[in-house]
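Laboratory data are not the source of any read-out in this text; all were calculated from the coordinates shown. As the structure is a prediction and not an experimental result, all values here were calculated from the model. Cβ placement follows ideal geometry from the backbone for every residue including glycine, while neighbour counts extend to all protein chains displayed.
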Amino acid sequence: MSFIAKCAHTNNEFDLDQDMAEEVDIVVVGSCMTDLVSQAPRLPKAGETIHGRKFFIGFGGKGANQCVQAARLGAKTAMVCKVGKDFFGTNYIQNFKDNAICTDFVTQTAEAMTGAASIIVNDAGENAIVIVAGANMLLGEEELEQARSTLAKAKVLLCQLEISSHISLQALRMARQSNVKTIFNPAPAIPDLHTDFYKESDVFCCNESEAELLTEARVASVDDAGRAGQELLKRGCAAVIITMGSEGCVVLQASNPNPKHIPTAKVTSVDTTGAGDSFMGALAFYMAHYPSMPLEEMSRRANLVAAVSVQSIGTQTSYPFKKDLGAELF
Ligand code: ADP
């Protein structure tokens, strides 16, 4: 039976199918957000109602985005997350299924709505955004516990900070106990991040502004990123990657703390929303599928995947599938 067929008949109304658990490469413990986007000539003032030009709903949330990118490259993935018992939650579960992501550990709650980002974009490309994490913050230890045996057999765990931070930390610890490689993306960054997040990360991967907040030092150049990376390495992670938009990324490893700049492809970017999540999902894919590949090479390939995502509009809609990419990336 195919992976997705097994998942489809083992959704959370049924007992877990233990056979399926062996087949998951990557577990993502993280967030789902529904983006409600209105395009309008300008942003409304307080108390004002204006006519917009276009409305659309998009799938977002860092955890879900990263999981979707990894799945589209061919990884067998499972998402551990919580959505509301509402239209958006049901719709999101269908989106996971459409991307061949196992939904056995996606639960629906009546206690909160699915996480949502209400976004208004004006003609100048500026935006105003309100994010309500909703059900994401109700993902708890019980749900994590249900995923324990699947996680223990996976190759890579990926998590971020759009859910309760203690759940992310617990997921990292659980993975480490089972020798599952961990990738931690401290986004959105919080000051005074618990030191265990560093110690439990095989790869600690953030962007420039997150590196800046965590190290309290300016990160505006490749050299700055190298210095920030060395500071983050000292806090106990096995490797650090700092992504730098069109500059690609900087990679450092405890075994080789000299920063290595990995440039990305020169492309015409039209929308960089979610590029970091595309990079993270791709990195997880390479770690799961090519465990002996040097981290620098994985990062080079993840750069190239993310560079494709910036060339079209949207978040998940811009993420490439394996078939869209050259054979040299696999
Ligand atoms: P975030 O989305 O978290 O801000 P970045 O902007 O650093 O993350 O982008 C993540 C990755 O996406 C980069 O490391 C790079 O590989 C790719 N990328 C982003 N912007 C561009 C761009 N303009 N051209 C090519 N690649 C890009």
In the stretch 90-210, what is the volume of the convex hull around the alpha carbon atoms, normalised per residue and reported in Å³? 144
Candidates Tyr290, Tyr198, Tyr319: whichever shows maximal mean-square fluctuation once the chain is modelled as a Gaussian network with Cα springs under 10 Å: Tyr290
Per-residue [θ]222 nm for the chain (sum of -39500 (n - 2.57) over DSSP H runs n ≥ 4, rounded to 500): -10000 deg cm²/dmol
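Charges at C-beta only: +1 for Lys and Arg, -1 for Asp and Glu. How large is the resulting dipole of the chain about its Cα centre, in Debye rounded to 20? Write down the numbers at each step before the final one.
Values: 28 positive and 38 negative charges, 114 e Å.
Its charge dipole is roughly 540 debye.
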In whole Hz and in residue order, list the ³J(HN,Hα) couplings for the stretch 286-303 that follow from phi through the Karplus curve 6.51 cos²θ - 1.76 cosθ + 1.60, θ = phi - 60°; x for Gly and Pro. 5, 5, 6, 8, 10, x, 9, 5, x, 4, 5, 6, 4, 5, 4, 5, 5, 4
Which residues qualify? For Phe59, with a placed amide H closer than 5 Å and at least 5 residues away or on another chain, they are Asp35, Gln316
Checked the stretch 50-121 with the C-alpha gyration tensor, a ≥ b ≥ c its square-rooted eigenvalues, rounded below a/c of 1.5, otherwise prolate if a/b is larger than b/c and oblate if not; verdict oblate
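Give the percent of DSSP beta bridges with both residues in the chain that are antiparallel, rounded to the nearest 5.
Working: 22 of 51 bridges.
Taking every DSSP beta bridge with both residues in the chain, the antiparallel ones total about 45 percent.
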Springs between alpha-carbon pairs under 10 angstrom, Gaussian network model over the chain: which of Lys234, Lys85, Lys45 fluctuates most? Lys45
Thinking of the stretch 104-174 as a set of Cα atoms, what percent of all their pairs are more than 15 Å apart? 63
Using θ = phi - 60° and the Karplus form 6.51 cos²θ - 1.76 cosθ + 1.60, what ³J(HN,Hα) does each residue of the stretch 95-102 get, whole Hz, x for Gly and Pro? 4, 4, 4, 4, 9, 6, 9, 5
Val106 long-range amide H proximity, modeled H, under 5 Å: Cys81
Hey, for a label at Asn258 modelled as a point 7 Å past Cα toward Cβ, could you say which residues of the stretch 204-228 have their backbone N under 16 Å away? 223, 226-227
Can you report the principal axis dimensions of the stretch 149-306 using only the alpha carbons, biggest first, rounded to whole angstrom? 43, 33, 31
As a test, work out the antiparallel percent of DSSP beta bridges whose residues both lie in the stretch 106-235, rounded to the nearest 5. 50
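Students often check this: by mean Cβ neighbours within 10 Å, which of 66-78, 250-262, 49-61 ranks highest, and how do the rest follow?
Values: 66-78: 27.5, 250-262: 17.7, 49-61: 14.9.
Highest mean packing first, the order is 66-78, 250-262, 49-61.
Dividing the alpha-carbon radius of gyration of the chain by 2.2 N^0.38 Å (N being the number of residues), what value is obtained?
0.96
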Over all alpha-carbon pairs of the stretch 221-315, lay out the pair-distance distribution in 10 Å bins, whole %, shortest bin first. 18, 46, 31, 5
Show me, for the stretch 182-190, the HN-Hα J-couplings you get by feeding each phi into the Karplus relation (A = 6.51, B = -1.76, C = 1.60, θ = phi - 60°), rounded to Hz, glycine and proline as x. 10, 10, 10, 10, x, 10, x, 5, 10
